[in-house]
Every structure is written in structure tokens, then in C-alpha cells.
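K.L.:
Questions regarding the structure given below will be posed in turn.
Quick note: the coordinates plus some simple rules give every number you see, no bench work behind them. For clarity, every value in this text was computed on a predicted model and none was experimentally measured. So basically every Cβ, Gly included, is an ideal-geometry build from the backbone, and we count neighbours across all protein chains shown.
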Amino acid sequence: MADELKRVSPEEAHRLMTEEGYIYVDVRTEAEWNAGHPVGAHNVPWAHAGPSGFVPNPEFLPVMQKLYEKNCPMVVGCKSGGRSLKASQALIAAGYTAVIDQRAGFEGPRDSFGKLTEPGWSPQGLPVEKETPGASYAELKTKASAT
């Protein structure tokens, strides 16, 4: 893959997962992921919710590097496309070669009036679940520290 980050629609992300074996890395907070996420998604937050906004997760890259090979095909998604873009860029800078950003995220970006500008994963009606055994951040972090 070229150094330029490929960004895809929720439908294309779903196709990559179901037809080409990509994993979905959801970089939203644990609370957001627990409320619902793409079926099979792994949760490694790019940032944590703090009292005055998001606080970067210093364990993001270390956990990713322990659990996923540099050539692991992955789609990275968040709530509306902002955090996943930053996380995808960080992964590529760290040497990952098969990273694709899912623009529009789980819910989709909104304009200044709150109107949805591009439907995300959930509004598109793609498969959603609330529990994925072994894929929560707590479970993945434990697995990473054991390797």
C-alpha cells in the first residue's frame, strides 16, 4: 500500500471485513464501544474521555504493536471519522502497511447545525453488536501485557 491513507465508506469497510478478512479496530472510548459497535470490532481507544474532553491514550500504539502484525489488514473507525483518521496516520507512521480509515465512523459526521453529513456504520444499517468476546479494550490490554 502507498503511503497515502485510503479512506472508505462504511459499506466498503463492511465488504473488506466480510470478503477480504480485514479486522475492524474501533478507536472510540470503551463506553462508546460498549454501547454498540460493528460486529467483530476490536476496541483500542485512541483517546479516553476526560473531564474537559478527550485525553490521548498513551497505550494505543504499544497495545497495537503487541497484538497486530505490521501487515495485518485493518479498517480503523471511530464515531465520525476524526479520531480514526489520526489513529490510522499514527499506525502508518509506525510502519503498518495495510491500514484503511473508515470515514464517517460509527455514527457519521454532523455539520454545525447537527445535521448528519454522511451516514456512518450504524445509520447505514450495517451489523452492530454490544459484546464481542475477547475484543474489549480491557481484554486486549491484558492480552498485550501477557505477550
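K.L.:
Can you tell me which of (1) assigned to a loop (DSSP other than H, G, I, E, B); (2) surrounded by fewer than 21 Cβ atoms within 10 Å (Cβ to Cβ) is the one residue 120 doesn't meet?
P.N.:
(2)
K.L.:
Looking only at the range 1-35, which residues are within 19 Å of residue 118 (Cα to Cα), assigned to a loop (DSSP other than H, G, I, E, B) and of a type in the set (Gly, Ala, Ser)?
P.N.:
Passing the criteria: only 9.
K.L.:
Does residue 85 satisfy the condition of being crowded, with 17+ Cβ neighbours inside 10 Å and either free of Cβ contacts under 8 Å to residues at least 60 places away in the same chain or of a type in the set (Phe, Trp, Tyr) (or both)?
P.N.:
no
K.L.:
Among the residues of the range 106-131, how many are closer than 19 Å to residue 16 by Cα, in contact (Cβ under 8 Å) with a residue 40 or more places away in the chain and out of contact with any Lys or Arg (no Cβ under 8 Å at 6 or more places or on another chain)?
P.N.:
Looking only at that region, the number is 8.
K.L.:
Pairs needed: first member in the range 47-63, free of Cβ contacts under 8 Å to residues at least 24 places away in the same chain; second member anywhere, small (Gly, Ala, Ser); C-beta distance under 9 Å; at least 6 residues apart or different chains.
P.N.:
Filtered contacts from the range 47-63: 49/31; 53/47; 55/47; 55/49; 56/47; 57/47.
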